[in-house]
Every structure is written in structure tokens, then in C-alpha cells.
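The structure appears right after this line, and notes come after that.
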Amino acid sequence: MQKILVANRGEIALRIMKTAKKMGIKTVAVFSEADRESPHVTYADEAVCIGESPSNQSYLLGDKIIKVAKNLKADAIHPGYGFLSENAEFAEQVKANQLIFIGPDAHAIKIMGNKLAAKEAVKFYNIPMVPGTEDPLDDIAEAKAIAEKIGFPILIKAAAGGGGKGMRIVKNIQEFEIQMERAKSEALSAFGDGSVFIEKYIASPRHIEIQILADSFGHTVHLFERECSIQRRHQKVIEEAPSTVLTPKLRDKMGDAAIHVAKACNYVGAGTVEFLLDDQNNFYFLEMNTRLQVEHPVTEIITGLDLVELQIKIANGEDIPFIQADLEISGHALELRVYAEDPLNNFLPSVGLLSTYKLPKGDYVRVDNGYTQGMTVPIYYDPMLAKLITYGATREEAILNMLNAINDYKIDGVETTLPFGEFVCNHHAFRTGNFDTNFVNMYYAPELIDKATEKEARIAALIALKQYLKDINQLKLPN
Ligand code: MV4
């Protein structure tokens, strides 16, 4: 492989290109009008503008991107995450054009893209799953009977959904019919597919996902777990590895289950198997994400591996150069997603000019970043600026390093989720590892950040006052 086109933008495009460069592979960037001055464009060996700013006129134009790859004689396309990364048709088209798609084949993407097809595929592998229906619900009377048998509360999910989109909790039989109608029409308009199914509702789960890697020789390994329970409205905020709640035994069991999920769809490449873990430490397979995930760096840190390098090697027909027994967890890593969103104002996007933008540095800090000072954050895309990743020998150290790094990260011009990250890292429930996916709903209120900011402001004012008094007394003041 000599040249890779990266069909993405921002921090992930840069992160992929850095590994390509390390491997001696040339890179091609594609970009929209809004991203003309972006770091991923300047960093690449070649760059081509593919359209206007909205993603449906640029980063989602599969055919156009494939044409650019052919014209510039690229060997492969890396889709990153989001955009075309889980589009089976795109994966197929890339291949049909004699290019390598750095990801799994269209077949695996298609199966895992449909939650019912995914459950069907893994059925014979003894993977624990939440009790529920195997087929799309059509008949309302039949659906009600099943719901009663499972027992309320139940959850209605869209087969074509994922990541929490189109889910509805139903507390009792009275509201079942109306919720099912709503779920179906929502699913139809959001995914073009109105199929829904039901599952028993697990009330306070933790979200644990297992990173897997599979090569084209049938060798599949897992790279342990990531804990992603700290999220708001299905948007992850802080991820970490390892999880505080997994014992070595449970880790082995979940890792094994994840490997079997991958085998069930003949998976090749890097993928992530999502599980719910209930308060009794029972785990249940939820879905598989057939892409490199945003939070992959925490896995890289605790394993010492470069996941993009492994993706490229596997796509190039090479085998995984280690076995499961070679892998072990070393230390602890945290990731905070730094969004241009205002945590004091319902996390509304806060786009604008980055008048100050200075990254924290340090031995235990990694920043996967897509912006520079003076850039404007565009309104067209996901407002994530960067991922702040810290690590330490212990979880406690990783958290302290995160708090210091948040403090050293200087951003003016837009509001960000940095103060929110500070709030989480200082919270007792987070510190003690005693939390689930309800953390933000249970503990967060904007006033709690306000208070912290006020306290800081008061301290700053006191220091300034002391200095002022010193100055006017020409340092004659006692210390
Ligand atoms: C669930 C659940 C409870 N019970 N399924 C949300 C994301 C999607 N991947 C599946 N999700 C859930 N499925 C059953 N049967 C609770 C969630 C859920 C959740 C899962 C992971 C991380 C955060 C979450 C927040 C709310 C609900």
C-alpha cells in the first residue's frame, strides 16, 4: 500500500494520516469549502476539494471520493468514523473500483447495521442477549402479548437504529400501542425503515464495549474493554479503559463473546462489540460497530498498540502479528471529548472563532485534535474539537492528569465541554467508580459548574487584590 485517501475531516482524518506517514504511506485529503484551511488538508501530501460545506455535498459523496482516489492513484480509502464509514454500498463500490476499503466487507456492515439481523446472526454462538422479540413487530395484539410476557418496563427499538436513536421506554400496557405507533413512524422517517422490536428494559446499565481485531486468516483477538457509561443523550462524554467493574474472569467472558460476535459475521478488521452490564454484572450483547471508534485511543494506550496501523495491515492482507496471550492491560487511560458546546446552556453548539486555542502538553497527555488558533468552528459538522486523553499507572493518576490537562487547555471564543469534564472528574461517584449510564441525569446541573467557576473567580480576585495591595504599599506589606 503506497497511498491512502482519507474520506473524513477533523481530528480523525489527521490521526489516520499520522499513522500512514509513520508507515511511509502517502496520504490524500478530501475537503469541503468550509475546511479549506483545516489541518487535515495542510497535513496531507495531496488534497482535493470535493464540494460545498454541507456533508451531503462533500464528505457523503461516495462516488466523487472514489473518483478522486482513482485519479490520484490511491490504493485504499480509510473512512474514519461517521460519514461513509458504515455505508455498505460505499464499501462495495470502493472494492468494485479496485480500491481497498480499510474496514470490514459490505456483508458484515449490512448485518450489523440491522439490530435484528445482528441478533439473528449471533444466535447460535451462545451470546447472552436481552430477552425480546426476534422479528419485527407487525401485529399489535401479538406485540402486546409478547410485551406482557417479557414484563414491563420494556423498550421498543428500531431495527435500523443504533446508538439509542429511535428508542422508546414503555412502562405499562396502556401506553404500549401509542408508543409503538410513534416508534414505527419515527423509525420510518429517520432510517427509511419502520421495523421495530422489543426488549426487556435494563434500568441502570453500564455501557461496556469490547474492541476486537480480526485478520483475513480467521485469527480474531479482543483488546479488552472500554467503559462508556458517562454519556448524555447517547452522546459519550468520557470513556476509559479498563472498566473499574470488570474482574479478569468477566473480562475473559465478555472478550470471548465479542470474538464470537465477530466470527458470526466473518468480520475482518477492527470492530467494537457493545454490551450492557446490569447491576448484577450480567452482560448482554447490544450491537456491533463496524468502524474505528472515536474512543479507540484509550485502548491504544492500555495495550500499546496502534489500531490504525493494524487496520491498514489487515486491509493489506497481512496477519495480526500477535496472539491473545501476548496482550495485557498496562495502566489506565481516560478520554474527554472536547466539544464546542455550552454545558451551561443545555449543551447547545457554540461555534465561532477560536481566538485562543492552546493544547495541554505533558508525558501523560495525548490530544487528538483537529483545530488551530484562529480557525472558525464550522456549523456544518459534529462540533467535536478534540479528544483529550490522559493516562497513568492507576485510575487515580489518570484522573489527576486529566484535571491538570483540562486546566492547561486554553480555549477562548467558543464554550466547550472542558468544565463539564472537570465536573465529572471531581465527582465522588465518578472517583469511586460507582456510576452507570444515568450519571449525567442523576448528578449534573449547570449550577454545579457555575459554582466551581464562581469559586475560581473569587480566588483569582483575592490574589489580584493581594497583589494590588502589595504594589501600592511597595512591597512593605507583611507576607
Ligand atoms: C438498552 C437499554 C436498556 N435496556 N436496551 C442505548 C444505545 C443503544 N446502543 C442501546 N441503548 C440502550 N439499550 C435495553 N434492553 C439502555 C440503553 C441505553 C444506553 C446504552 C448505552 C449507553 C448509554 C445508554 C443510555 C440510555 C439507554
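Take Asn87 and decide whether it is in contact (Cβ under 8 Å) with a residue 12 or more places away in the chain and open to solvent by less than 10 Å² (accessible area, probe 1.4 Å).
The answer is no for Asn87.
For the range 153-184, name all the residues that are open to solvent by 70 Å² or more (accessible area, probe 1.4 Å) and more than 10 Å from the ligand (Cβ to nearest atom).
Listed by number, the residues that qualify are Lys171, Gln174, Glu177, Ile178, Glu181, Arg182.
Pairs only if they're at least six apart or on different chains, beta carbon under 8 angstrom, first in the range 188-215 and in the same structural domain as Asn172 (by TED's automatic domain parsing) and among the polar types (S, T, N, Q), second within 16 Å of the ligand (Cβ to nearest atom) and assigned to a helix (DSSP H, G or I); list them, first residue then second.
Ser195/Leu116; Ser195/Ala187
Step by step: first the residues of the range 195-229, then only those that are aromatic (Phe, Trp, Tyr) and within 16 Å of the ligand (Cβ to nearest atom), then the one that is least open to solvent (accessible area, probe 1.4 Å). Which residue is that?
Here the residue is Phe197.
How many of the residues making up the range 128-179 are of a type in the set (Gly, Ala, Ser) and assigned to a loop (DSSP other than H, G, I, E, B)?
7
If you scan the range 245-277, which residues turn out to be farther than 24 Å from Ile109 by Cβ, open to solvent by 20 Å² or more (accessible area, probe 1.4 Å) and within 16 Å of the ligand (Cβ to nearest atom)?
Passing the criteria: only Val245.
Can you find a residue that is crowded, with 21+ Cβ neighbours inside 10 Å, closer than 24 Å to Asp215 by Cα and not acidic (Asp, Glu) anywhere in the range 63-74?
So far as the range 63-74 goes, yes, one or more of its residues are crowded, with 21+ Cβ neighbours inside 10 Å, closer than 24 Å to Asp215 by Cα and not acidic (Asp, Glu).
When both residues are 6+ apart or on different chains and their Cβ atoms are under 6 Å apart, which pairs have a first residue that lies in the range 299-318 and is surrounded by fewer than 20 Cβ atoms within 10 Å (Cβ to Cβ), and a second that is assigned to a loop (DSSP other than H, G, I, E, B) and not acidic (Asp, Glu)?
That search, which allows pairs on different chains as well, returns Asn316/Met1.
The values are calculated or read from the model by the stated rules, or taken from the named source; none is laboratory data. Since the model is a prediction, treat every value here as computed from it, not as a measurement. Here the Cβ is made from the backbone with ideal geometry for all residues, glycine too, and neighbour counts use every protein chain on show. Just so you know, the surface numbers come from the protein's heavy atoms only, side chains and all, with ligands and any DNA or RNA stripped out. Shrake-Rupley method; radii C 1.70, N 1.55, O 1.52, S 1.80 Å.
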